[in-house]
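Data block below; observations after.
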Amino acid sequence: MLTKIILEEQIQKAKKYIEKGDKFVVVTHVTPDGDAIGSSLGLYHFLNEFSKEQVNVVVPNDFPSFYKWMPGAKDIVIHAKYPDFAEQLIREADVIFCLDFNEPKRIERLAPAVVASDARKVMIDHHLNPADFCRVVMSYPQISSTSELVFRFICRMGLFDLINRSAAECIYTGMMTDTGAFTYNSNHPEIYTIISELLRKGIDKDAIYRKVNQVYSESRLRLMGYVLYEKMRIYPEQHTALITLSQEELDRFQYVTGDTEGFVNLPLSIDGIVFSVFIREDKDYVKVSLRSVGDFPCNEFASRYFNGGGHKNASGGEFYGSLTDSIANFEKGLNEFNPNNVEELNKHA
Ligand code: 5GP
Ligand code: MN
């Protein structure tokens, strides 16, 4: 038996929207990760099982190929490829589920259409500080993945039987990827109760792990080697590591979306390193990923210096300017706000 985390009133309201609606859209954040795709497709399969025929998952841009095996992934509408169709779906929707993000900014070019839509909007998410743009806001930052929340939501509606194997595979994938395959944010015993229910639905968790983590190209492994040998900078006094990659370097290693996934975590295996930042030059901006272990709030760093946010131990942001300037900005930030003086700064915040 699972603890009742989601408020009953939220469950009942959202259930009513599902019962009454015909056209459903599920949207998730830009550069979707495993939890974004997993939670969205999990809900998609559930709605299909509920005999809803007009259900579409809409994402702002493409997602890594190692999530494309997920059942339903091929039907996802990518706004960057089909903007008119994606916006039409959003305009005509009765209900829009906003999964794994807390503010319109996180869906970038999809934001105006979603905000303007008359649809009933339901947020299911686990990021702090949800913005006020949905009628029902299921925001539970203490839960490690949105996929887990989707499972809890369906069960609490009394519709566990409508979770089919496809939904179970997608939900499991999201739970797995947002916890680093159950190596962080994963001490809550109920996570394993849920996994055991998903196994009973017929998922092969070992196969899912392989499909997500062991399907990379040779060039990605060589890029990883290059990054570790030549591009990792350690700031021993601040217990911090920095990795940067320019567009030229990415081209040299035939970079495709997803190839640098997980690089930011690598330096955290060094004894004493508690804060790791990965800065990558993208087409129109510089993308920043931040990770920490323990108390250092990297979301605070992301928000102060990189216009971003996220979770205490995993966050992201962006920088509009050159790669060199973004590194200078990082170093300025590190002088002011680092794992050595976090307590002091928080006192004056
Ligand atoms: P990643 O480094 O994998 O792109 O992002 C890690 C986490 O940081 C995501 O799950 C998300 O919560 C958050 N995040 C990433 N980029 C941004 C951003 O630009 N703004 C905000 N607010 N959060 C972000
Ligand atoms: Mn998530």
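The values are calculated or read from the model by the stated rules, or taken from the named source; none is laboratory data. Every value quoted in this text rests on a predicted model; they were computed, and no experiment measured them. With ideal geometry, Cβ positions are generated from the backbone for all residues, glycine too; neighbour counts draw on all protein chains shown. With ligands, DNA and RNA removed, areas are computed over all heavy atoms of the protein, side chains included. Shrake-Rupley method; radii C 1.70, N 1.55, O 1.52, S 1.80 Å.
Select from the stretch 31-123 those trypsin sites (Lys or Arg not before Pro) which occupy a DSSP coil region and have at most 15 other Cβ atoms within 10 Å, ordered by residue number.
Values: sites: LYS52, LYS68, LYS74, LYS81, ARG91, LYS105, ARG106, ARG109, ARG120, LYS121; in loops: LYS52, LYS68, LYS81.
Loop-located and lightly packed - LYS68, LYS81.
Under 5 Å between amide hydrogens, which residues at least 5 positions from LYS68 or on another chain qualify, with H placed 1.01 Å from N in the peptide plane?
For LYS68, no residues qualify.
Which distance in Å, rounded to a whole number, links the C-alpha centroids of the stretch 1-30 and the stretch 245-261?
Cα centroid to Cα centroid, the span is 38 Å.
Can you give me the accessible area per residue for the stretch 132-250, using a 1.4 Å probe, in Å²?
Values: 5490 Å² over 119 residues.
Heavy-atom accessible area per residue stands at 46 Å².
With a 10 Å cut-off between alpha carbons and a GNM built on the chain, which of SER292, SER276, SER51 moves the most?
Largest GNM mean-square fluctuation: SER51.
What's the carbon and sulfur percent of the chain's accessible surface, probe 1.4 angstrom, rounded to a whole number?
Values: 7680 of 16040 Å².
Roughly 48 percent, rounded to a whole number.
Label the stretch 8-213 by shape, choosing from rounded, prolate and oblate, from the square roots a ≥ b ≥ c of the eigenvalues of the Cα gyration tensor; if a/c is under 1.5 it is rounded, and otherwise prolate applies when a/b is larger than b/c, oblate when it is not. Don't skip to the end; give the middle numbers.
Values: a/c = 1.45, a/b = 1.30, b/c = 1.12.
In terms of gyration-tensor shape, rounded.
Search the structure for amide H atoms under 5 Å from the amide H of HIS127, placed 1.01 Å from N in the peptide plane, and list their residues when 5 or more places away or on another chain.
TYR140
Which of the trypsin sites (Lys or Arg not before Pro) across the stretch 251-349 are loop residues per DSSP, with 15 or fewer other Cβ within 10 Å?
Numbers: sites: ARG252, ARG280, LYS283, LYS287, ARG291, ARG304, LYS312, LYS332, LYS347; in loops: LYS283, LYS312.
Taking the stretch 251-349 and a limit of 15 other Cβ atoms within 10 Å, the loop trypsin sites (Lys or Arg not before Pro) found are LYS283.
Sequence neighbours fewer than 8 away in the same chain don't count; with that in mind, list the lysines whose C-alpha is under 24 Å from LYS20.
Output for LYS20: LYS52, LYS121.
Relative to the first principal axis of the alpha-carbon coordinates of the chain, what is the inclination of helix 165-177, with its axis defined by its Cα atoms, in degrees from 0 to 90 and to the nearest 10?
Taking Cα atoms only, the helix is inclined about 20 degrees.
Going by amide H atoms built from the backbone, whose H comes under 5 Å of the H on VAL57, apart from near neighbours?
Excluding prolines and chain starts, which carry no amide H, the hits are VAL26, VAL77.
Report the residues of the stretch 1-41 in range of a label on PHE160: point 7 Å along Cα→C-beta, backbone N strictly under 17 Å from it.
1-6, by backbone N distance to the label point.
Mind jotting down the distance between the C-alpha centroids of the stretch 64-108 and the stretch 156-224, whole Å?
Their Cα centres are 21 Å away from one another.
With θ set to phi - 60°, apply the Karplus curve 6.51 cos²θ - 1.76 cosθ + 1.60 along the stretch 27-37 and write out the HN-Hα couplings as whole Hz, x wherever there is a Gly or Pro.
Result, ordered by residue: 10, 9, 6, 4, 6, x, 9, x, 6, 4, 5 Hz.
Once label points are set 7 Å from the Cα along Cα→Cβ at both ASP251 and GLU318, what is their separation, rounded to one decimal in nm?
Going from the ASP251 label point to the GLU318 one covers 2.2 nm.
Using only Cα atoms, tell me the angle between helix 146-156 and the longest principal axis of the chain; keep it within 0 to 90° and round to the nearest 10.
The answer is roughly 20 degrees.
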